[in-house]
Structure formats: structure tokens, C-alpha cells
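The values are calculated or read from the model by the stated rules, or taken from the named source; none is laboratory data. Since this is a predicted model, take the numbers as computed values, not measurements. Here the Cβ is made from the backbone with ideal geometry for all residues, glycine too, and neighbour counts use every protein chain on show. The protein model used for the area step is the full one, side chains on, heavy atoms only, and it has no ligands, DNA or RNA in it. Shrake-Rupley method; radii C 1.70, N 1.55, O 1.52, S 1.80 Å.
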Amino acid sequence: TFQPLPRPGVDFIVPYPAADAFVRQIEQTLEPLVTGDTFSVLLIPMKTARFSRPLFRAPKTGFALGVGILRRLPDDAQAVAQALAYNRWLFDQARDIGGTHYPVGALQLDREDWKRLYGAAFSRLHDAKCRFDPDNVFAGGPDIF
């Protein structure tokens, strides 16, 4: 029978000038947590000018690197907790070098994290959420609001 396994992946967009050091840091710290832990690192160079959506967060540099970690773990609560802690640590590292979080992965952020991520655009995001989702049906779990 098919049993879904935890997939605590995470994605970032980091400014190109800092990308080499960030990737090197991942190479030095990413390791299997338990037997059966598999992962891949995705590196996607990009031109940030191509992001035209007003609320999409990307570094303020001409070029950036998308960095994603795809991970699949056995059903092991301790390993999942370790992977989530690692994701949080990477988030802090990316944020400190001017990177952003591409919010599709396994990363618990609080309201202050979201406010810092969106900066001056946070009030615009909040207004859109109130207007288009007044009953708070969509994305109620990420602690954005």
C-alpha cells in the first residue's frame, strides 16, 4: 500500500552576489538525519526583473539564485522536527543576506517573520487578504495574520 511520507522541503531566493557562500553553507551542513532520508538541492539562476507580481518577494538585485531543498523522510517525528529546525536556520541565514523565502515549503513563520518578509508591502497584503478572503478560508495556518 502507498503511504505518504513527510516532505519537509524549503525554497529561497538569494541575491546572486551572496549565492555562492549560501550554497556552500548548505553543502557543509545538509546531511541525512536518519536512514531513508533523501534530498536534492535545486539551483535556479534567475533575473529578478522578470518577477512582475506586486507581492512577489525577491532580492533587490538584478540576478538571484533560487535554492530549493527537496526532502523526503521516513515517518519519524524526531527527524521531521530536525528538518524543520534546519529549514528555520536556513531561513534566518537567507534573510540575513537579503534573501527571501518562496512560501511553498515546510517552514513555520510567525507574524513578525511575515511582516519582515513583505516589508512595506505587508499592509497591501493584509488589505488584499481582508478583501478577497474575509472569512479567512485560504492559508489560515501560516500565522500571517
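Hey, which lysines would be in cross-link range of residue 115, C-alpha to C-alpha under 23 Å, not counting anything within fewer than 8 residues on its own chain?
Correct list for residue 115: 60, 129.
Taking the full set of protein chains and a 1.4 angstrom probe, give the accessible area of residue 97 in square angstrom, rounded to the nearest 10.
60
Where the accessible area of the chain is counted over protein heavy atoms with a 1.4 Å probe, how much of it, in %, is carbon and sulfur?
Values: 4950 of 9030 Å².
The nonpolar share, carbon plus sulfur, comes to 55 percent.
Treat every Asp and Glu Cβ in the range 1-117 as -1 and every Lys and Arg Cβ as +1, leave all other atoms uncharged, and give the resulting dipole magnitude about the Cα centre to the nearest 20 debye.
Details: 14 positive and 12 negative charges, 134 e Å.
Once rounded to the nearest 20, the dipole reads 640 debye.
Placing +1 on the Cβ of each Lys and Arg and -1 on the Cβ of each Asp and Glu in the chain, which of 39, 84, 114 has its Cα farthest towards the positive end of the resulting dipole?
114
Can you give me the accessible area per residue for the chain, using a 1.4 Å probe, in Å²? It would help to have the intermediate numbers written out before the result.
Values: 9030 Å² over 145 residues.
Dividing the accessible area of the chain by its residue count gives 62 Å².
Using 1/(1 + (r/R0)^6) with R0 = 30 angstrom and r between the beta carbons of residue 26 and residue 3, what's the FRET efficiency to the nearest 0.05?
Working: r = 29 Å, r/R0 = 0.95.
E(calc), rounded to 0.05, equals 0.55.
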